[in-house]
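The values are calculated or read from the model by the stated rules, or taken from the named source; none is laboratory data. If you're wondering where the values come from, they're calculated on a predicted model, not measured in any experiment. With ideal geometry, Cβ positions are generated from the backbone for all residues, glycine too; neighbour counts draw on all protein chains shown. The area values use the complete protein model at the heavy-atom level, side chains included, leaving out ligands, DNA and RNA. Shrake-Rupley method; radii C 1.70, N 1.55, O 1.52, S 1.80 Å.
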Amino acid sequence: MQTNSGTSLYPHLLSPLKVGRTTLRNRMIMGSMHTRLDMEENGLHKMSVFLAERAKGEIALIITGGYAPNTAGLIEPGGPILTEHAQARELQRITEAVHRHDGKICLQILHSGRYARQEECLGPSDIRSRINRFAPRAMTSAEIEQTISDYVRCALLAKEAGFDGVEIMGSEGYLINEFTVLRTNDRSDEWGGSAENRHRLPVELVARIRAAAGEDFIVIYRISAIDLVEGGATGEEIVSLARKVEVAGADILNTGIGWHEARVPTIAYPIPRGAWRFAAARLKGAVGIPVVASNRINTPELAEEILATGDSDLVSMARPLLADSHFAKKVREGNAGKINVCIACNQACLDRIFSDRSASCLVNPRACRETEFDEGPAAKSRKVAVVGAGAGGLAAAAEASRRGHKVTLFEASDRIGGQLNLARAVPGKAEFDEMLRYFSGRIEDGGVDVRLNASPTTGELGNGDFDAVVVASGVHPRIPAIAGIDHPKVVFYHDLLSGRRRAGRKVVIVGAGGIGFDVAEYLLHSQPGEGPKARGQDIPAFQREWNIDASLTLAGGLTGDPLAPRESPREITMLQRKTSRPGLGLGVSTGWILRSSLAKRDVKTVAGVTYERVDDRGLHILVDGVPRVIEADTVVICAGQISNRGLFDELLAAGIEAHVIGGAKEASELDAMRAVEEGVRIAQAL
Ligand code: NAP
Ligand code: SF4
């Protein structure tokens, strides 16, 4: 039961913590994120508004995205860097904005090492990473010494800019991490060889920054708590490094999970919540300074439990603070149930950054674009009908009611959620439930009149009861023109994912888009004839799936090849007509996880297919003009969607103010991210 104050429900999460000479107001940290806001026009202003809002939302400590201490450390040309007094003066705008709301802020110093996407790419040795086309040049001893001086200068400039401290980024496979392990460090001088030598760089950095910046400056070291790459550190080495950086003067030990080149997923939705707490817990038992747990912690319940069991002293949440800037404040006020929870989809944050756009958030399109949205009420309250209660309709109804409009939400089926109800059946995607919970709460708070099993006609919508109509009526599955499409073997994806139909052991999937892949994943994690079931939070199963050594006795924390073949309950073939590689359109940060999962279970994909017919044998196709039969018990159709926009056209023809959003507007790019954003933006414009 909620109380007026969250203190009794979340006593650990809300208790202050003294760090050096600073007191953090609670145990919640906003972890470092590269948002690319700083690369936009007027970026510093946008960044300060973005961060100030999180401080206002009572997060105790913010860690900025990484700033390079010198040009070689830049992740890409034009990226964030702090080498000059003029830059420090500009950054004061950020620190002042955060301090105005009693928040603390540390600047992360990040040298990208061999991950730098630039010609001048440096590393401990000249060993290239498989994820960077640029090969590093091995640093000379003089360059290492100069780099240490650059870190110290960067920390002092951060202090000058008003930051409360710095985080030294020692994880994720960047420069410092590269020095610590044999995988990337084959030096034979005092910076390589023994663990003592490999640990010298991080220890020197902490000690020299502490000496230069003084005792009243927070120094956080972000350690790689598990590397998840072959040739990475053992648990013993990680503990040994943690103890050394503590002695060298670090105030807080933050934890990073996995290198960027690791073939184990670490933060996307297929990873169970709290999957990495064991790595922080191991360090907590080994050092006296506060330890931070990170990755896949997205609710206050889980965060509180991690602290209460003593696995860590603080929790770091990055994406959850994109999803809800007032996460910590809601916890304190006893409104944790109103938190907009990050669903770990990566669609609007990481995937946008990887395609050189600024981050935002699928469930909160205002994130990083605070300056574009109006938080106030509408100038005039209007009567608004929203037709369709999928992602877009829910977002439109929630935002319109917040602005003071009187909203009626019509839904043709017997429950809200639309396509989200299908997505949640896919392994790991039960996180979408959070989105439904959040928007349900908001439409309830906004007094939205929800009418289920209701499909209003143009006449009913135009009879004067409404000033404007938002059409969010979504899509229906495309029925491809294949002979035998009504054969009993044929099952449409929505019937399968909703549990109305089952699939056999041999399955052929028509269509290799996002839903084709999701259907394959769904089928690989259920037995033939079995219906949907809740899944995705089984941490031991996740560890087995990716060969993770939670005991950390083995190098890199791996028991074997993460991509080793697995047994499959079915024989699956997935088809597309295009000749391109299937799965190309999947999200950058999640597509590889799906592709790997399917490849491990020997799912066959065939491109360049022409469909002929379905009969008792299975699906007849042509590939390069050559006939082939794919024998199958079930043919699942995942051939995209068609917009349900008839109502919108009718409303326009009748001269009624109408707006169309989401799948009803454009089915070919059906996408919850676009639907939610369009819903919020149209509600802002009403
Ligand atoms: P989609 O990504 O557009 O894929 C549709 C598939 O159907 C394609 O493989 C297409 O390939 C095939 N197709 C299209 N017309 C066809 C026809 N007439 N006959 C036979 N095949 C046809 O659509 P979706 O898979 O339904 O996914 C919908 C949206 O949901 C996506 O755009 C995505 O944004 C989102 N989503 C994403 C993910 C993810 O990234 N993990 C997961 C689920 C959903 P050919 O035309 O080459 O045959
Ligand atoms: Fe979380 Fe998805 Fe939002 Fe990223 S886009 S912050 S993963 S909900």
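Quick look at the values:
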| read-out | value |
| --- | --- |
| Pairs with Cβ under 7 Å, 6+ apart, first in region 333-349 and within 18 Å of residue 676 (Cα to Cα), second within 16 Å of ligand 1 (Cβ to nearest atom) and part of a helix (DSSP H, G or I) | 343/431; 343/432; 343/435; 344/431; 346/589; 346/590; 347/673; 348/673 |
| Out of 407, 426, 450, sole residue that is crowded, with 22+ Cβ neighbours inside 10 Å and more than 22 Å from residue 640 (Cβ to Cβ) | 407 |
| Qualifying positions in region 313-348 - polar (S, T, N, Q) and within 16 Å of ligand 2 (Cβ to nearest atom) | 316, 325, 340, 346, 347 |
| Leading residue by the ranking (most open to solvent (accessible area, probe 1.4 Å)) among those in region 358-389 that are charged (D, E, K, R) and away from ligand 2 (no atom under 12 Å from the Cβ) | 380 |
| Any hit, region 120-131, residues being within 30 Å of residue 27 (Cα to Cα), crowded, with 19+ Cβ neighbours inside 10 Å, of a type outside the set (Val, Ile, Thr) and touching a strand residue (DSSP E or B) at 6+ places or on another chain (Cβ under 9 Å) | no |
| Selected residue (only one of 657, 650, 612 is more than 30 Å from residue 265 (Cα to Cα), surrounded by 15 or more Cβ atoms within 10 Å (Cβ to Cβ) and within 13 Å of ligand 1 (Cβ to nearest atom)) | 612 |
| Qualifying residues in region 492-532 (those that are assigned to a helix (DSSP H, G or I) and acidic (Asp, Glu)) - the one nearest to ligand 1 (Cβ to nearest atom) | 518 |
| Residue under evaluation residue 629, criteria (1) assigned to a strand (DSSP E or B); (2) in contact (Cβ under 8 Å) with a residue 60 or more places away in the chain; (3) open to solvent by 30 Å² or more (accessible area, probe 1.4 Å), criterion not met | (2) |
| Residue satisfying all of: in region 615-626; acidic (Asp, Glu) and surrounded by fewer than 12 Cβ atoms within 10 Å (Cβ to Cβ); modelled with the lowest pLDDT among these | 624 |
| Test result for residue 516, over 30 Å from residue 282 (Cβ atoms), within 16 Å of ligand 2 (Cβ to nearest atom) and open to solvent by less than 30 Å² (accessible area, probe 1.4 Å) | no |
| Filter result (at pLDDT 95 or above and more than 16 Å from ligand 1 (Cβ to nearest atom)) within region 335-358 | 335, 336, 337, 338, 339, 340, 341, 342 |
| Selected residue (criterion: nearest to residue 201 (Cα to Cα)) from residues of region 143-175 that are among the hydrophobic types (A, V, I, L, M, F, W, C) and assigned to a loop (DSSP other than H, G, I, E, B) | 163 |
| Some residue of region 297-304 being surrounded by fewer than 22 Cβ atoms within 10 Å (Cβ to Cβ) and either among the hydroxyl-bearing types (Ser, Thr, Tyr) or within 16 Å of ligand 1 (Cβ to nearest atom) (or both) | yes |
| Neighbours by Cβ (under 7 Å, 6+ apart or cross-chain): first from region 582-598, within 24 Å of residue 543 (Cβ to Cβ); second within 7 Å of ligand 1 (Cβ to nearest atom) and part of a loop (DSSP other than H, G, I, E, B) | 594/586 |
| Enumeration of residues in region 443-475 that are aliphatic (A, V, I, L, M) and in a loop (DSSP other than H, G, I, E, B) | 448, 452, 454, 472 |
| Complete set of residues in region 249-275 that are basic (Lys, Arg) and more than 16 Å from ligand 2 (Cβ to nearest atom) | 263 |
| Region 260-269: number of residues that are in contact with a Lys or Arg (Cβ under 9 Å, 6 or more places away or on another chain) and open to solvent by 10 Å² or more (accessible area, probe 1.4 Å) | 3 |
| Conditions (1) surrounded by 19 or more Cβ atoms within 10 Å (Cβ to Cβ); (2) under 18 Å from residue 551 (Cβ atoms): number failed by residue 240 | (1) |
| Where residue 119 falls short, out of the listed (1) more than 28 Å from the chain's Cα centre (by Cα); (2) assigned to a helix (DSSP H, G or I) | (2) |
| Region 547-590, residues that are in a helix (DSSP H, G or I), open to solvent by less than 40 Å² (accessible area, probe 1.4 Å) and within 13 Å of ligand 1 (Cβ to nearest atom) | 589, 590 |
